[in-house]
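Engineer: Below is the structure I would like to discuss, written out as structure tokens.
Just so it is clear, none of the values below were taken in a lab; they were calculated from the coordinates. Because the structure is predicted, anything quoted here is derived from the model rather than measured. So basically every Cβ, Gly included, is an ideal-geometry build from the backbone, and we count neighbours across all protein chains shown.
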Amino acid sequence: MERNIKILLALLLLLCLADMPYGFYQLVRFVAMIGFVWLAWQANGSGKNSEAFIYIALALLFQPLIKISLGRALWNFIDVVVGVGLLISILAISKEKQND
């Protein structure tokens, strides 16, 4: 489940680079907030406190209730960094499981 949520979030964030209607970006912010809260809850339950902290910070950054105006270019950069980071974390988890 964690892997699927990370893939979904990464795809949505990378789709934000395309010229989409404003409602799509609002949907992405809402889905990202819920996804990052869930990932934080899972990480906290596994004793990964620093990972949980990062996911909480991302949930606050992407939350749709209080708009954070950073400009399109900066949001695009953040979307790419977070999306690629999520994909890298999937690969890192896969390598950990192979080594176990």
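Engineer: Rounded to the nearest 10 degrees, what's the angle between the helix 49-62 long axis and the longest principal axis of the chain, both from Cα atoms, 0 to 90?
Structural biologist: It works out to around 10 degrees.
Engineer: What nm distance separates the two modelled labels at R72 and I93, each placed 7 Å from Cα along Cα→Cβ?
Structural biologist: 3.4 nm
Engineer: If I model a spin label as a point 7 Å beyond the Cα along the Cα-Cβ vector, how far apart are those points for Q42 and L27 in nm?
Structural biologist: 2.2 nm
Engineer: May I ask you to sort S89, S46 by Cβ crowding, counting other Cβ atoms within 10 Å and putting the fewest first? Write down the numbers at each step before the final one.
Structural biologist: Details: S89 17, S46 11.
So the residues, fewest neighbours to most, are S46, S89.
Engineer: Next question, about the same structure. For region 2-99, with only Lys/Arg (+1) and Asp/Glu (-1) charged at the beta-carbon, what is the dipole magnitude about the Cα centre, in debye rounded to 20? Spell out each step's value before the answer.
Structural biologist: Working: 8 positive and 5 negative charges, 12 e Å.
Computed charge dipole of region 2-99: roughly 60 debye.
Engineer: What value, in deg cm²/dmol to 500, does the helix sum -39500 (n - 2.57) over DSSP H runs of n ≥ 4 give at 222 nm once divided by the residues of the chain?
Structural biologist: -27500 deg cm²/dmol
Engineer: Compute the relative contact order of region 2-99 as a whole-number percentage, counting only Cα pairs closer than 8 Å that sit 6 or more residues apart in sequence.
Structural biologist: On the way: 75 pairs, mean separation 38.3, N = 98.
Averaging sequence separation for qualifying contacts and normalising by length gives 39 percent for region 2-99.
Engineer: Against the longest alpha carbon principal axis of the chain, how many degrees, from 0 to 90 and to the nearest 10, is the axis of helix 72-99 turned?
Structural biologist: With rounding to tens, the tilt is 10 degrees.
Engineer: OK, next. Would you kindly state how much longer the chain becomes between L65 and S50 on full extension, computed as 0.36 nm times their sequence separation minus their alpha carbon distance, in nm to one decimal? Display every interim value, and only then the final one.
Structural biologist: Details: separation 15, 0.36 × 15 = 5.40 nm, distance 2.49 nm.
So the chain would gain 2.9 nm between L65 and S50.
Engineer: While we're looking at this one, here's another question. By how many degrees, 0 to 90 and rounded to 10, does the Cα axis of helix 22-45 deviate from the longest principal axis of the chain?
Structural biologist: Roughly 20 degrees between the two axes.
Engineer: Compute from the Cα atoms of the chain the Rg and the Dmax, the latter being the longest Cα-Cα distance, and quote both in angstrom.
Structural biologist: Spelled out, the Cα radius of gyration and Dmax of the chain are 13.8, 45 Å.
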